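The values are calculated or read from the model by the stated rules, or taken from the named source; none is laboratory data. Predicted model, so just to flag it, every value in this text is computed and none were measured. So basically every Cβ, Gly included, is an ideal-geometry build from the backbone, and we count neighbours across all protein chains shown.
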Amino acid sequence: MEVLYNGEKPEAIIEYFLYETQSVELGVELRRFLVLGLVLFTLLIQPLASADESTNSVVYRIQKTYLVSNDGSVAATNVVVAPLFIFDNRSGWASQQVLSEDIWLSDPLGSYEIIPTGDNRIVRASLGTITAGASKTIVITQVVKVDYVDLGITPDMVQGSIPADELQYTQPVAHLWESDDSEIYGKAHELIDNYSNYYHKSRQIFDFVKDYLTYVLCDEEHSALWAYTNRTGDCSEYTHLFIALARAAGIPAKYVSGYGYQPQLGTDFEHMGHAWAFAYLPGVEWVPIDTRWGTPEWNFCKLSPDHLILTTSDGTDLVEEGQIKISGDCSRPSYSYSEPNPNLTVDRTVSTITREVAVEVTLDAVSQIENGSWSWYATVKNMGTRTIENIQVRLQADQTYFEVPAAQTIDSLLHNHNQIVGFDISVEDIGLEQGVENSTITALVTYDTPYGSFMAEGKSLANITPRVIPPMTIDPMLIFLIVVIAVSAIAISAALRR
């Protein structure tokens, strides 16, 4: 693993140090001593640098294949396919990085360009001529790293008012986010009128939406007002209703179109489409809001690494001629032709996703504590296709009640392999006597991959019933024997006195 120190390689530090000391009258031995000391210092900081650089991430490989077909009787010339949306780097309210990307055209004479469009990126592919009955292929492959985001937002961090340049994102969008509708506006203010802090306002709307709607998979997109009236919808309707209520409450909000990775669906990327929102809170700026994913702890101001962002929108490009049209890939390319029209089509024939880097950690314990020792077991499973190495497993626990042992290491784990690591935690007397209730034990795992150093964690709640000291009981036979002995002793004593 390569270690950086203030952005430079350790070797570069040493070279720089030597260069600087050449002009100083130092003895050879002193110079050697200083260089050796710096090398030792570099080695000492290596574990710290490694730990600091580790991120709780998943690395995905996504591949999309497009088939551009001419089913007509004449050739199509100057064929251009656009837009084809691709993943982009994201930071702040999300953390997503494109590690590599490759765009392949079956026509060696074809060309493409990647074009930024506001917050998003598209591919524009030029395919030249497609003759009658022929087709051409476009394959886009990207490797994307997605980090777990926990902004640690608390109400006291959200202060002030909405900046003027963000107020544009509180406006209604007809046929989509009807925040000016009397029902939606009234409900929004019913939810927030008792709160002045924007954190509490947005949380009230978040809690309302996730409890108010019933999840039903929809074949078409519906607006926020439709969702509010019908009380059903999928992730899109949940998101539209949240955004409309937020905007009605004066909270800027935008739309995210992307994917929610679900391992039970295998590699079929098409069925993993997902939508969520992000909202502006003064003092902390934009935060993610997902009313339909996981448990509430993962949804509000947090984002799990199974969220892949494809596009974001302020809503102005999501409605066309009164119909909701979520940004999507090109379905009909532009081209030139001589009559009759060949009617070229674009079909996404294959869409696959695999996790190249992903680690799952589970934590379990035996039910009995023996002599103050409690056995715990961390199971580390490599869910990615890449081998992981230099795996370190350590426990974290409340030191008031527990003393955890030293970290343990695993050399490597192949794809779909797991290893169980055992730990004997010492339970302090206070924990045994007073008991422990829902104290979090965390298994923290760091590991190396071809893409860098990552981390994963598993959590479990520890509960200990207070030790009960049984009341002292006296055996009746023992009492009888004591009485007999006492009477005998008295009798003997009296006899001796005579």
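Considering only segment 224-254, state which residues are within 20 Å of Gln323 (Cβ to Cβ), in contact (Cβ under 8 Å) with a residue 60 or more places away in the chain and crowded, with 24+ Cβ neighbours inside 10 Å.
Answer for segment 224-254, where residues must be within 20 Å of Gln323 (Cβ to Cβ), in contact (Cβ under 8 Å) with a residue 60 or more places away in the chain and crowded, with 24+ Cβ neighbours inside 10 Å: His240, Ile243, Ala244.
Could you look through segment 94-134, keep only residues that are among the hydroxyl-bearing types (Ser, Thr, Tyr) and either at pLDDT below 95 or crowded, with 16+ Cβ neighbours inside 10 Å (or both), and pick out the one that is farthest from Ile353 (Cα to Cα)?
Of everything passing the filter in segment 94-134, Thr129 is farthest from Ile353 (Cα to Cα).
Within segment 251-294, track down each residue that is under 19 Å from Tyr148 (Cα atoms), assigned to a helix (DSSP H, G or I) and touching a Leu at 6+ places or on another chain (Cβ under 8 Å).
Answer for segment 251-294, where residues must be under 19 Å from Tyr148 (Cα atoms), assigned to a helix (DSSP H, G or I) and touching a Leu at 6+ places or on another chain (Cβ under 8 Å): just Met272.
Tally the residues that are closer than 12 Å to Tyr280 by Cβ and touching a residue at least 40 places away in the same chain (Cβ under 8 Å), restricting the search to segment 154-203.
Selection size over segment 154-203: 14.
Every residue, every condition in (1) out of contact with any Ser or Thr (no Cβ under 7 Å at 6 or more places or on another chain); (2) within 21 Å of Ile326 (Cβ to Cβ); (3) modelled with pLDDT of 95 or more, yes or no:
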| position | (1), (2), (3) |
| --- | --- |
| Ile140 | yes, yes, yes |
| Asp156 | yes, no, yes |
| Arg203 | yes, no, yes |
| Phe206 | no, no, yes |
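Name every residue in segment 195-250 that is aromatic (Phe, Trp, Tyr), assigned to a helix (DSSP H, G or I) and within 23 Å of the chain's Cα centre (by Cα), in order of residue number. It would help to see each step written out before you state the result.
Taking segment 195-250 and keeping what is aromatic (Phe, Trp, Tyr), we get 195, 198-199, 206, 208, 212, 215, 226, 228, 238, 242.
Among the residues that remain, those that are also assigned to a helix (DSSP H, G or I) are: 198-199, 206, 208, 212, 226, 228, 238, 242.
Those that are aromatic (Phe, Trp, Tyr), assigned to a helix (DSSP H, G or I) and within 23 Å of the chain's Cα centre (by Cα): Tyr199, Phe206, Tyr238, Phe242.
Taking Arg386, is it in a loop (DSSP other than H, G, I, E, B) and either in the same structural domain as Ser426 (by TED's automatic domain parsing) or among the basic types (Lys, Arg) (or both)?
Numbers: in a loop (DSSP other than H, G, I, E, B): yes; either in the same structural domain as Ser426 (by TED's automatic domain parsing) or among the basic types (Lys, Arg) (or both): yes.
Yes: the conditions hold for Arg386.
From (1) surrounded by fewer than 18 Cβ atoms within 10 Å (Cβ to Cβ); (2) part of a strand (DSSP E or B); (3) outside the structural domain of Ser73 (by TED's automatic domain parsing); (4) not charged (D, E, K, R), pick out the condition that doesn't hold for Thr349.
For Thr349, the failing item is (3).
Considering only segment 190-205, I want to know if a residue exists there that is under 28 Å from Val58 (Cα atoms) and among the hydroxyl-bearing types (Ser, Thr, Tyr).
no
Which residue is surrounded by the most Cβ atoms within 10 Å (Cβ to Cβ), if the candidates are limited to segment 148-168 and must be more than 15 Å from Ser202 (Cα to Cα) and touching a Pro at 6+ places or on another chain (Cβ under 6 Å)? Please lay out each step first, then the result.
Filtering segment 148-168 for residues more than 15 Å from Ser202 (Cα to Cα) gives 148-152, 163-168.
Filter once more, keeping what is touching a Pro at 6+ places or on another chain (Cβ under 6 Å): 148, 166.
On the way: Tyr148: 19, Glu166: 14.
Per the criteria, the residue is Tyr148.
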